[in-house]
Amino acid sequence: MTLLPPAQFLAAAEKHCAARGARLTALRQKILALVLARGGVVKAYQVLADLQAERGQAAPPTVYRALDFLVEHGLLHRVDALNGYMACQHLDCQHHGLLLVCECCNEVAEIDATSSLDQLASVAAQAGFQPRRQDVLLTGLCKDCQPS
């Protein structure tokens, strides 16, 4: 998957929010830009530290509210297993992500696995379980870190 450059991603994010009647405020856009600048999975405290370095004082609830908004509107994924966030590269489609995390270099890739994860949700439903989210994380080695 080709990653959009940060400026292009931010422009696409603004259009994405506007099309859904949501507002990507300057603060939300700044926090999204900070996540993009770090790349991969970013922890909230890293975003807070970066925001404080640029703007002085910033309160943790401010950052968490912005991150929640960005997740709610499909601009970020919350990666619970890594206690962090990463940019969603599929802004224009409804999907369930499969996040691939390299255990060696920590690179994270996102792929659209909607059909496979829909099957998994169906099996869960047959067992009487209703999943809230279907982003799944797999760890292993990326192609660059695999032994030759």
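Coordinate-derived values only; no laboratory data. Not measured: the values here are computed from a predicted model. We place every Cβ from the backbone using ideal geometry, glycine too, and count neighbours over all the protein chains shown.
With the largest listed first and rounded to whole Å, the semi-axes of the equivalent ellipsoid of segment 6-87 from the Cα gyration tensor are 19, 15, 12. Computed from the alpha carbon atoms alone, the convex hull of segment 97-140 holds 65 Å³ per residue. The translational diffusion coefficient of the chain, from Stokes-Einstein at 20 °C and 1.002 mPa s with a Kirkwood hydrodynamic radius over alpha carbon pairs, comes to 130 µm²/s.
Of all DSSP beta bridges confined to segment 97-140, the antiparallel ones make up roughly 50%.
Dipole of segment 31-148 computed with +1 at Lys/Arg Cβ and -1 at Asp/Glu Cβ about the Cα centre; of Cys104, Leu137, Leu70, farthest Cα towards the positive end is Leu70.
If R0 is 41 Å, what FRET efficiency do you get for Glu107 and Gln57 from their C-beta distance, rounded to 0.05?
Values: r = 33 Å, r/R0 = 0.81.
After rounding, the FRET efficiency stands at 0.80.
Helix 44-55: angle to the longest alpha-carbon principal axis of the chain, degrees 0 to 90, nearest 10? With both axes taken from Cα atoms, the answer is about 20 degrees. Relative to the longest principal axis of the Cα atoms of the chain, the long axis of helix 114-126 lies at roughly 70 degrees.
The antiparallel fraction among DSSP beta bridges confined to the chain stands at about 65%.
One Cα centroid belongs to segment 106-146, the other to segment 1-50; the line between them spans 23 Å. Here's the list of lysines a cross-link from Lys15 could span, going by alpha-carbon distance under 28 Å and ignoring same-chain residues fewer than 8 apart: Lys30, Lys43. Annotation: peptides 125-131, 36-42, 56-62, ranked by per-residue average of other Cβ atoms within 10 Å with the highest first, follow the order 36-42, 56-62, 125-131. Here the Karplus relation 6.51 cos²θ - 1.76 cosθ + 1.60, evaluated at θ = phi - 60°, turns the backbone of segment 99-107 into coupling constants of 9, 10, 10, 7, 6, 8, 9, 6, 5 Hz, with x for every Gly and Pro.
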